[in-house]
Amino acid sequence: MLKRVLQAAVFVLVSSGAAASEVHEYMLDNGMKILVKEDHRAPIAVSQVWYKVGSSYEPPGLTGVSHVLEHMMFKGTEKHGPNQFSQIIAANGGEENAFTGRDYTAYFQTLASDRLQVAFELEADRMENLKLDETEFEKERQVVIEERRMRTDDKPTSLTFEQFNAAAYRVLPYRNPVIGWRSDLENLTLEDLSHWYSAFYAPNNATLVVVGDVDHEEILRMAQETFGKVRKREVMPVKPAIEPAQLGLTRVQVKAPAKQPYLIMGYKMPTIASAEVEWEPYALEIAAAVLDGGDSARISTNLIRGNRVAASAGAWYDSTTRLSSMMVFSGVPNEGKNVKDLEKALLTEIERLKTEPVDASELKRIITQVVASKVYEKDSVYYQAMQIGMLETVGLDWRLADSFVDKLKAVTPEQVLAVAKKYFVPDNLTVAVLDPQSMQGPGDQTVASNGGRDEVR
């Protein structure tokens, strides 16, 4: 009887209990997607609400608005005052937080599984009834400006990474920092936030992900009682963004107070969402792992422990972004070496990928290591929810989580060689160098030199 009632209230897309995914998918009448994965190993559950909006949705002049709005989501509704959301979750023995990325904004709680109703009620309330107060907004705007100063402006490697992105991308909004440019933050208004909230914070632009010791039909019932009452709204359409072909090597020099130089290099790459050839992103994932997939990878073996040209160095590539991506290399030269030495050494390793097929035994070791890390990550209910929510929100099927490992296993040495030849070309390269300046400033204050990536709360 209960199932018939629920099916009358919602449109059930998929309810697959297959061992391959164990994810149950539903759609509420208001367009909100519900994804539930049962994991009964411990009496806890993670609840996450993902909105399809992040810094890559922001037009010029409004950078940082997604992140500031994320802060304001904790400042109350007509029903609950400022910061009461966090207090109520804590009183129920839970933890909560949120984060803003390029392609999404997400809010999450970890609670005993029998307390999820509390989180659902609170999230549904602020999805529709957020109270945007001028005084609270001004305080949070200053908090974010100070956050930007501490995490970017006063950290030379983070500042260099920011300038690197701004130079590498001509059109894609990934050129803007998640936290926003300082001038945009200083000119942000409460009206801007109100418009952004109305444009994107709607059930038909959101996904609820629940992983843990739960019953999927009970989660559906609770979701219908809470989120199901939130009105569907028109969501601002987002125009497609396509990065034009780079026509030559781009170099950037960043002068900032720092103790040591810093190098960033990046090649534009397709992602799973943008690739014209399906296997290429998986081959690129393996290529990145060959170069920087642990202590036995080439960068660590040859550049850090071998010729000691690098004090530290690494590479990363994300195949699951909404728009095109990059494979990025970074590092700090060792004592007695300079950034030119480090750049040459990195280019040498990249050239090897272009000219020599990866040895079968090395490829097997790398794939085994990557697969093991993916399997290990699934031990965490939080990570499981993160993976499902991220894939769904960037426009990829959450089922990709099940096939991702198999697609990595299928990568061949010839495919790694092919993508290296195709994408690691000089005209597709952007290089940024931190040129250290004197550490002494007003009041003889020193400046930290730690790096960072995209801002998250």
Item to complete: Post the alpha-carbon centroid distance, region 145-174 to region 349-428, in whole angstrom.
Response: 27
Discussion item. Restricting to lysines 8 or more places apart or on different chains, can you count the pairs in region 260-438 with Cα atoms under 22 Å from each other?
Written reply: 28
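How much length is gained if the chain between GLU121 and GLU225 is pulled fully straight, taking 0.36 nm per residue apart and subtracting their Cα-Cα distance, in nm to one decimal? Could you put the intermediate results ahead of the total?
Details: separation 104, 0.36 × 104 = 37.44 nm, distance 0.87 nm.
This chain segment gains 36.6 nm when fully extended.
In what sequence, highest mean first, do 156-167, 92-103 appear when ranked by Cβ atoms within 10 angstrom?
Working: 156-167: 23.1, 92-103: 18.9.
Those peptides, ordered most packed to least, come out 156-167, 92-103.
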Discussion item. Suppose each label sits 7 Å from its Cα in the direction of the beta carbon; what would the GLU138-TYR383 distance come out to in nanometres?
Written reply: 4.5
Item to complete: Name the residues whose placed amide hydrogens come within less than 5 Å of the amide hydrogen of THR271, ignoring near sequence neighbours (fewer than 5 apart) on the same chain.
Response: SER325
Worksheet item: Just one of (i) 0.99; (ii) 0.94; (iii) 1.03 is Cα Rg over 2.2 N^0.38 Å as worked out from the coordinates here. Which one is it?
Response: (iii)
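So which DSSP H runs in the chain come out at 20 Å plus along the axis (Cα) with average Kyte-Doolittle of at least -1.0? Mind dumping the intermediate values first?
Details: long enough: 134-148 (21 Å, -1.49); 339-355 (24 Å, -0.35); 360-377 (26 Å, 0.14).
Going by DSSP H runs, the hits are 339-355, 360-377.
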Worksheet item: Taking the Cα centre of the chain as origin and charging only Cβ (+1 Lys, Arg; -1 Asp, Glu), how large is the dipole, in debye to the nearest 20?
Response: 920
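Taking 56 Å as R0, compute the FRET efficiency from the Cβ-Cβ separation of HIS40 and THR355 and round it to 0.05. Working shown, then result.
Numbers: r = 51 Å, r/R0 = 0.91.
It comes to 0.65.
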Worksheet item: Say each of LYS344 and GLU186 gets a label point 7 Å from the Cα, pointing the same way as Cα to Cβ; how far apart are those two points in nm?
Response: 4.3
Worksheet item: What lysines sit close enough to LYS131 to cross-link, taking a C-alpha to C-alpha distance under 24 Å and skipping anything fewer than 8 places away on the same chain?
Response: LYS52, LYS75, LYS79, LYS139, LYS229, LYS232
Worksheet item: Which aspartates and glutamates have a Cα less than 20 Å from the Cα of LYS259, not counting those fewer than 8 places away in the same chain?
Response: ASP153, ASP154, GLU162, GLU335, ASP341, GLU343, ASP435, ASP444
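Values in this text are rule-based calculations from the coordinates and carry no lab data. Since the model is a prediction, treat every value here as computed from it, not as a measurement. Please note: Cβ atoms are built from the backbone with ideal geometry, for glycine as well, and neighbour counts cover all protein chains shown.
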